[in-house]
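Q: Input: one structure, supplied below.
The values are calculated or read from the model by the stated rules, or taken from the named source; none is laboratory data. Fair warning: this is a prediction, and the values are worked out from it, not measured in the lab. Methodologically, a virtual Cβ is constructed for each residue, glycine included, from the backbone with ideal geometry; neighbour enumeration extends over all protein chains shown.
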Amino acid sequence: MYKTAVRRAGESAFLTDGILNILAWERGIVMAASDDQIHEECGIFGVLGHPEAATLTYLGLYSLQHRGQEGAGIVSAHDGDLRRFVGVGHVSDVFPTGKRHRLEQLQGDIAIGHVRYSTFGSSTLKNVQPLAVDYARGSMALAHNGNLVNAARLREDLESQGHLFHATTDSEVFLHLIARSQKERFSDCVADALTHVIGAYSLVVTNGEELVAVRDPHGFRPLWIGRLGGAYVFASETCALDIIDADWEREVEPGEVVVLSRSGLESFKPFAPVASKSCIFEFVYVARPDSVVFGRSVDQVRKQLGRNLAKAAPAEADLVMAVPDSSNQVALGYAHESGLPFDMGFIRNHYVGRTFIEPDQNIRDFGVKIKLNPARAAIEGKRIVLVDDSIVRGTTSKKIIKMLRRCGVKEIHFRISCPPIISGCHYGIDTPESAQLISSHMSVDEIRDFLEVDSLAFQTIEGLTSATGSPADGFCLACFTGNYPTPIPAEFKPKRSPRRHRDHSNEPATRD
Ligand code: SF4
């Protein structure tokens, strides 16, 4: 079930025309779970006009860590030259306190950063962003959150014309398209490149002079603009603005290109207008509850999800508890509405990084246990309402239920924050293929029996959309309905398929 890759500790640096690249990897056994969970996607951050741009970006990435734990990196711009430091692991693995020099060498008043979960392309170092290249007009670096559905076709076309690709991530396509554009201004080249792509993207791109931020025309992924004194900041979520005390200015609008330069901010909308389709799953699972995305507080939406669940699916029980963390607010909302007490029936280990040693022997349910442990005294002999954000394959839920039963829980009434997931996401959230989703081939009653719970209820689509307080037609609901807001090209492959080529050797994945 679990795969391991051993990487040697080290660091290498090389200089191409305008980009100082430093790649880092840490000694450790990387545990990659082929597990049963929805995974986050990516987080992006950008600063222009602050002498400590890289340090601000480092702090911002810390706040966005929940959006991706496989890799992190920062590119800064100093006198027009780009400096890049990327590595696998958490932000704290890539920029550990004992290696300040990694951050100190990222000088300049422009920086962009990225935390990665690989929704497309393998999880190797070469795919860690920001990506940076030299091209005919200079250098540029890019950080992308989202997933393109026509990247494979574009890549094939570009390769047939002689383009050489360095990574396997869909994000690299952007760089080639920008480099080919004949427009005069950098920001126009970015906008021109984006006319070729279909799918989800929130981007920050810099050529060392300008910092350009874009949200795709449907606005699948969030992107905020903040101010810190005279500096401008871009961040996937407001929690990353809070950590550096930046003021929240506004969200980048769907289809908007925002250009920051020494002369200030300008904005234009080069794409034909289409309906907004923000990812509603940001509210259910992805975004942090202390963030505001798509104009709404994630905390407030989650509590309303819980209230809606309690109204639609009440239960005779002694307490309400959550599978932490993304369900905490939903369980609180359920408890408030139902009048039942809320209790912390599970304790989550917050110190689980991505590098820990897999046990030699087959320890039962290890993957779940290392993260969660029931607080036996709180739940023994009780009838509980258990709230979780979603059910994917159902195997993790089954293990969680078993753990609770072993603690002597009397009844389990399982309540799910979102409707049944029946289709995979093509826009940047890592879900299994549709056939592997338990709700694609089992009814609610069948899932209840499979999980061995006393009752099971999912959120309705109406309950989900109404909790946001925004019009339902402004959201993508494709994983619950199978209706995708964009065309899905026939050649589109499930986003995880390139992982077949994952490098499990005991060498660093790449030295570029
Ligand atoms: S398919 Fe689901 S997870 Fe993907 S963008 Fe749409 S709502 Fe979000």
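Q: Quick one: is GLY463 closer than 20 Å to PHE475 by Cβ and in a helix (DSSP H, G or I)?
A: So GLY463 passes the test.
Q: Mind listing whichever residues of segment 159-177 are in a helix (DSSP H, G or I) and in contact with a Leu (Cβ under 8 Å, 6 or more places away or on another chain)?
A: GLU172, VAL173, PHE174, LEU175, HIS176, LEU177
Q: Name the one entry in ARG296, ARG302, ARG307 that is within 16 Å of the ligand (Cβ to nearest atom) and surrounded by fewer than 24 Cβ atoms within 10 Å (Cβ to Cβ).
A: ARG296
Q: How do the pairs read when you match residues in segment 465-487 that are modelled with pLDDT under 95 with residues anywhere that are buried (at least 18 other Cβ atoms within 10 Å of the Cβ), using Cβ under 7 Å and keeping only pairs 6 or more apart or on different chains?
A: That search, which allows pairs on different chains as well, returns PRO487/ILE198.
Q: Another question, then. Identify, please: which residue in segment 437-449 is buried (at least 16 other Cβ atoms within 10 Å of the Cβ) and in a helix (DSSP H, G or I) and is, among those, farthest from the chain's Cα centre (by Cα)?
A: Within segment 437-449, the match that is farthest from the chain's Cα centre (by Cα) is ARG448.
Q: Scan segment 262-282 for residues that are among the aromatic types (Phe, Trp, Tyr) and more than 8 Å from the ligand (Cβ to nearest atom) and jot them down.
A: PHE268, PHE271
Q: I'm trying to understand the selection: among the residues of segment 247-261, which are without any contact (Cβ under 8 Å) to a residue 40 or more places away in the chain and away from the ligand (no atom under 16 Å from the Cβ)?
A: Across segment 247-261, the qualifying residues are ASP247, GLU249, ARG250, GLU253.
Q: Could you say whether any residue in segment 328-351 is assigned to a helix (DSSP H, G or I), modelled with pLDDT under 95 and in contact with a Pro (Cβ under 8 Å, 6 or more places away or on another chain)?
A: No.
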